[in-house]
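Asker: Dropping the structure in here first, questions after.
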Amino acid sequence: MAIMITDDCINCGACEPECPNTAIYEGGVEWSMAEGTTISEPYPLETGEVVAPEAEKAPVSDEFYYIVPDKCTECVGFHEEPQCAAVCPVDCCVPDPEREEEQEVLAARQVRLHA
């Protein structure tokens, strides 16, 4: 499952540099699939929308740091545990109950993001 950042976030930014997929953004900042990945072709999002790699997408949150679920692999392929959760001082980086995914799915996403 993807990790999400709850509204308990204090906007410290400790999580952002720890993400190997560049899936974490400051509130209000637009994101793209290409940033921090090797994606160079149109990419299908979980919503079914297909986006250009460099297309700027609307922020998931305007108030708090947020994680783009389509880029989150829970650090599978990089670390033993999600690094955002490991460094969060208020424990607001938690599994997203709406996005439960098997290890195989996360591993396949990691390979696709970093081909």
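Asker: Go over the candidates Val94, Val87, Val105 one by one and state the one that is touching a Cys at 6+ places or on another chain (Cβ under 8 Å) and not hydroxyl-bearing (Ser, Thr, Tyr).
Answerer: Among Val94, Val87, Val105, only Val87 is touching a Cys at 6+ places or on another chain (Cβ under 8 Å) and not hydroxyl-bearing (Ser, Thr, Tyr).
Asker: Can I ask one more? Does any residue of segment 67-80 turn out to be surrounded by 13 or more Cβ atoms within 10 Å (Cβ to Cβ), assigned to a loop (DSSP other than H, G, I, E, B), among the basic types (Lys, Arg) and within 15 Å of the chain's Cα centre (by Cα)?
Answerer: no
Asker: Would you say Met4 is modelled with pLDDT of 95 or more, assigned to a strand (DSSP E or B) and either within 15 Å of the chain's Cα centre (by Cα) or of a type in the set (Val, Ile, Thr) (or both)?
Answerer: Numbers: modelled with pLDDT of 95 or more: yes; assigned to a strand (DSSP E or B): yes; either within 15 Å of the chain's Cα centre (by Cα) or of a type in the set (Val, Ile, Thr) (or both): yes.
For Met4, the condition - modelled with pLDDT of 95 or more, assigned to a strand (DSSP E or B) and either within 15 Å of the chain's Cα centre (by Cα) or of a type in the set (Val, Ile, Thr) (or both) - is met.
Asker: Please list, ordered by first then second residue, the pairs with beta carbon atoms under 8 Å, 6 or more apart or interchain, first in segment 12-29 and part of a loop (DSSP other than H, G, I, E, B), second of a type in the set (D, E, K, R) and buried (at least 23 other Cβ atoms within 10 Å of the Cβ).
Answerer: Listed by first residue and then by second, the contacts come to Asn21/Lys71; Thr22/Lys71; Ala23/Lys71.
Asker: Could you tell me which residue of segment 40-51 is surrounded by the most Cβ atoms within 10 Å (Cβ to Cβ), considering only residues that are in contact with a strand residue (DSSP E or B) (Cβ under 8 Å, 6 or more places away or on another chain) and more than 13 Å from Pro69 (Cα to Cα)? Don't jump to the end; show me each part of the working.
Answerer: First, the residues of segment 40-51 that are in contact with a strand residue (DSSP E or B) (Cβ under 8 Å, 6 or more places away or on another chain): 42-45, 50-51.
Among the residues that remain, those that are also more than 13 Å from Pro69 (Cα to Cα) are: 42-43, 50-51.
Working: Pro42: 12, Tyr43: 20, Val50: 11, Val51: 18.
The qualifying residue surrounded by the most Cβ atoms within 10 Å (Cβ to Cβ) is Tyr43.
Asker: If you take the residues of segment 52-63 that are among the hydrophobic types (A, V, I, L, M, F, W, C) and either at pLDDT 95 or above or exposed (fewer than 11 other Cβ atoms within 10 Å of the Cβ) (or both), which of them is farthest from Cys93 (Cα to Cα)?
Answerer: Looking only at segment 52-63, we keep the residues that are among the hydrophobic types (A, V, I, L, M, F, W, C), and these are 52, 55, 58, 60.
The next check asks that each one be either at pLDDT 95 or above or exposed (fewer than 11 other Cβ atoms within 10 Å of the Cβ) (or both); those that pass are 52, 55, 58.
Details: Ala52: 28, Ala55: 26, Ala58: 21 Å.
Here the answer is Ala52.
Asker: Let me ask something else. Consider only pairs whose beta carbons are under 7 Å apart and that are at least six residues apart or on different chains; among these, list those whose first residue lies in segment 65-80 and is under 17 Å from Glu102 (Cβ atoms) and in contact (Cβ under 8 Å) with a residue 60 or more places away in the chain and whose second residue is part of a loop (DSSP other than H, G, I, E, B) and of a type in the set (Ser, Thr, Tyr).
Answerer: As it stands, the answer is none, since no pair meets every condition given.
Asker: Search segment 21-39 for residues being out of contact with any Lys or Arg (no Cβ under 8 Å at 6 or more places or on another chain) and farther than 19 Å from Ala108 by Cα, and hand back the single one that is surrounded by the most Cβ atoms within 10 Å (Cβ to Cβ).
Answerer: Ile24
Asker: Can you name the number of the only condition in (1) under 11 Å from the mean Cα position of the chain (by Cα); (2) more than 15 Å from His114 (Cα to Cα); (3) modelled with pLDDT of 95 or more that Pro89 fails?
Answerer: (1)
Asker: Taking the condition polar (S, T, N, Q), touching a helix residue (DSSP H, G or I) at 6+ places or on another chain (Cβ under 7 Å), on the phi < 0 side of the Ramachandran plot and part of a loop (DSSP other than H, G, I, E, B), does Thr47 pass? Full working, then the answer.
Answerer: Details: polar (S, T, N, Q): yes; touching a helix residue (DSSP H, G or I) at 6+ places or on another chain (Cβ under 7 Å): no; on the phi < 0 side of the Ramachandran plot: yes; part of a loop (DSSP other than H, G, I, E, B): yes.
So Thr47 fails the test.
The values are calculated or read from the model by the stated rules, or taken from the named source; none is laboratory data. Predicted, not measured: the structure shown is a model, and the values here were computed from it. All Cβ positions, glycine included, derive from the backbone under ideal geometry; neighbour counts span all protein chains shown.
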